[in-house]
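**Student:** Mind looking over this structure? Questions follow.
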Amino acid sequence: MGNNIVIIGAGPSGLSCAYKLSKAGEPSLLIEKESAVGGLCRTLNFDGYLFDMGGHRFFSDSEEINSLWKNIMAGDIFRVRRLSRIYYKKRFYNYPLSFFNVFHNLGPIETLSCVTSYIRSCFLNPGNDKTFEGWITNRFGKRLYEIFFKPYTEKVWSIACRDISADWAKERIRGLSLKIAVQKAVFGINRNAPKTLKEEFLYPRRGPGQFYERLKALAGMQGSSVLCNRAVTAVYHDGEKIVSLKAEDASGGRKEEFGVDYLFSSMPLPSFIRMMRPGAPEDILAAAKRLRFRSILIVNLILNRERVFPDQWIYVHSPEVRLGRIQNYKNWSAAMVPDQSKTSLGLEYFCTEGDSLWRMNDIDMVNLALEELGRMGIAARRYIINGFVVRRANVYPVYSLDYRENVDIIKNYLARFSNLGCMGRAGLFRYDNSDCAILSGIDAACGFLRETGCVDKALAEAR
Ligand SMILES: Cc1cc2nc3c(=O)[nH]c(=O)nc-3n(C[C@H](O)[C@H](O)[C@H](O)COP(=O)(O)OP(=O)(O)OC[C@H]3O[C@@H](n4cnc5c(N)ncnc54)[C@H](O)[C@@H]3O)c2cc1C
């Protein structure tokens, strides 16, 4: 009791860390640079319409996490049957891939070419299993890789698939292969399906932000507090311990210093290293520089149409548009849209902070989104009622071939600080979903509380 515990970031990992600590009688102060909690799982309210930062399914193999969601949301969370398809060359393909639908859309000649290419890749010309390209080719064949994986993956990462570590494929589509997709098509649902094939998920009635607002309130009841609109800009240490940190508001006009007995951080790992005072050694700074993130820009639109498409989201593989994915929020929960005669969409563009998309002004961005929607035959420009743009940097840790080496260099360096716990997706540089981010927050709290092993099993289940 009485520890000065500070948590950087009030996203899923930061809030669940605070929640766990509060339950053990250790209140904390969360410092959050945005105006509200939830991080990437925040839900934005625009004219009564609710928007995710990209749709957020609640799904986990960990029973502990599923119970946490259900207990905290009580009657406000429900099961959604998933419908998501791939748009490619003016056709829609079911995703998870269904053999008969692929066959129907591609036609017999292309299907035959996919099958022969699969056989060739499996037996004659195995790809390099260490790269994304090789890993997928070995499990789907070259042709299916070129149609269904390469265009979308290169949109997300903007680097060649041969330069992406297979770790990303293993985490995202673990256990999936052409063989499993065919088995599923022939024998139906597979209960042990990899996460990407799960056909149902949980979703809070008013979006994911509703869960994190409740987590904040629960931690608050036990004495924790959140300071929003403050970005941590410097972390001071004595070589063995973190001693204090500096935070500022967006204008930089208001600067405050906070003493620290124990620090948890969910801010991006490379930024944390750059903020250390005295500065980190050159080799550590160099490793941090080699870790890169992709960012996201979302054009949110309200359309004067009752129905646009039946899916919760559509993956846009077609290379002729820059758009990566489209969310349709009323298909997640009717409560996301106050007027059921209207539709709200979130159009996701993957970009790099500072590139031409990132810098495009909001009006041009909305125009680009409307033009692409029209070109794809999804909705005509005349239906637009309103729109706004959201930009978020550092959302996708890039799994380049050397990322793991660089993360290890940094982790080894940070291990000397006995009162520091890093957690979360950007904080650990791990391409994790929110269930793993929550577990990493609880895990970090357990480390402080010395409740070793309190989430080991749950973490192992969730990954
Ligand atoms: C488009 C998209 C779709 C996704 N879909 C799903 C899904 O369907 N299901 C799912 O489970 N997961 C999904 N995820 C992943 C999920 O959003 C993340 O796993 C989760 O948000 C990570 O939580 P976190 O606490 O680690 O990080 P974050 O959510 O990023 O929270 C970190 C917080 O730290 C704050 N911060 C950063 N720097 C500072 C600073 N210097 N000072 C103070 N505060 C700071 C940030 O503002 C942020 O609020 C998706 C992610 C994206 C981008």
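**Student:** Percent of accessible area on the chain owned by carbon and sulfur, 1.4 Å probe? Can you show the working numbers first?
**Tutor:** Numbers: 10040 of 19830 Å².
Accessible surface attributable to carbon and sulfur in the chain totals 51 percent.
**Student:** On each of the three principal axes of the Cα atoms of region 117-157, give max minus min coordinate, whole Å, ordered largest first.
**Tutor:** 30, 20, 10
**Student:** Something else about it: Could you work out how far the C-alpha centroid of region 142-171 sits from that of region 428-453, in angstrom?
**Tutor:** 28 Å
**Student:** Where the eigenvalues come from the Cα gyration tensor of region 296-394, what are the semi-axes √(5λ) of the equivalent ellipsoid, largest first, in whole Å?
**Tutor:** The three semi-axes for region 296-394 are 22, 14, 13 Å.
**Student:** Would you please calculate the Kirkwood hydrodynamic radius of region 193-288 over all C-alpha pairs and express it in Å, rounded to one decimal?
**Tutor:** 16.7 Å
**Student:** May I pose another question? Go through region 319-327 residue by residue and turn each phi into a ³J(HN,Hα) via Karplus (6.51, -1.76, 1.60, θ = phi - 60°); whole Hz please, and just put x for glycine and proline.
**Tutor:** x, 6, 10, 7, 4, x, 7, 10, 9
**Student:** Convert each backbone phi in region 26-41 into a coupling constant with the Karplus relation 6.51 cos²θ - 1.76 cosθ + 1.60 (shift: θ = phi - 60°), then list the ³J(HN,Hα) values in order as whole Hz, x for Gly and Pro.
**Tutor:** Calculated HN-Hα couplings, in order: 10, x, 9, 10, 9, 10, 10, 7, 7, 7, 8, 7, x, x, 6, 9 Hz.
**Student:** Rounded to the nearest 0.05, what FRET efficiency do Lys170 and Asn304 have when you use their Cβ-Cβ distance and R0 = 45 Å?
**Tutor:** 0.55
**Student:** Between Phe100 and Arg205, what is the FRET efficiency for a Förster distance of 25 Å, r being their Cβ-Cβ separation, to the nearest 0.05?
**Tutor:** Working from the Cβ atoms, E equals 0.10.
**Student:** What does the convex hull of the Cα atoms come to per residue for region 63-146, in Å³?
**Tutor:** Expressed per residue, the convex hull around the Cα atoms of region 63-146 is 149 Å³.
**Student:** Regarding the chain, what's the average projected area of the Cα-atom convex hull, expressed in nm²?
**Tutor:** 22.4 nm²
**Student:** How many Å² of accessible area per residue for the chain, probe 1.4 Å? Could the numbers behind the result be given before it?
**Tutor:** On the way: 19830 Å² over 463 residues.
Ligands and nucleic acids excluded, the figure is 43 Å² per residue.
**Student:** So what is the orientation-averaged projected area of region 23-117, using the convex hull of its C-alpha atoms, in nm²?
**Tutor:** Mean shadow area of the hull around the Cα atoms is 11.7 nm².
**Student:** Cα-Cα over 24 Å: which of Lys70/Lys216; Lys33/Lys155; Lys90/Lys142; Lys90/Lys150; Lys150/Lys289?
**Tutor:** Listed pairs above 24 Å: Lys33/Lys155; Lys150/Lys289.
**Student:** Report the gain in length on full extension from Ser35 to Ala160: 0.36 nm times residue separation, minus Cα-Cα distance, nm rounded to one decimal.
**Tutor:** Details: separation 125, 0.36 × 125 = 45.00 nm, distance 3.63 nm.
41.4 nm is the gain from fully extending Ser35 to Ala160.
**Student:** Using alpha carbons only, how many angstrom separate the centre of region 308-326 from the centre of region 92-140?
**Tutor:** With region 308-326 and region 92-140 each reduced to a Cα centre, they are spaced 21 Å.
**Student:** Can you tell me the equivalent ellipsoid semi-axes for region 361-419? Use √(5λ) from the Cα gyration tensor, largest first, whole Å. All intermediate terms of the calculation are to be shown ahead of the outcome.
**Tutor:** Working: eigenvalues 389, 43, 13 Å².
Ellipsoid half-lengths, sorted descending, are 44, 15, 8 Å.
**Student:** Looking at the chain only, what percent of DSSP beta bridges run antiparallel? Nearest 5 please.
**Tutor:** 75 percent
**Student:** What's the center-to-center distance, using Cα atoms, between region 198-215 and region 19-58 in Å?
**Tutor:** Centre-to-centre distance over Cα atoms comes out at 11 Å.
**Student:** Can I ask one more? Label Glu353 and Asp408 with points 7 Å out from Cα along Cα→Cβ: what is the distance between them in nm?
**Tutor:** About 2.7 nm separates the two model spin labels.
The values are calculated or read from the model by the stated rules, or taken from the named source; none is laboratory data. In this text, all values refer to a predicted model and were calculated from it rather than measured experimentally. Backbone-built Cβ (ideal geometry, glycine too); neighbour counts: all protein chains shown. Note: areas computed on protein heavy atoms with side chains; ligands, DNA, RNA excluded. Shrake-Rupley method; radii C 1.70, N 1.55, O 1.52, S 1.80 Å.
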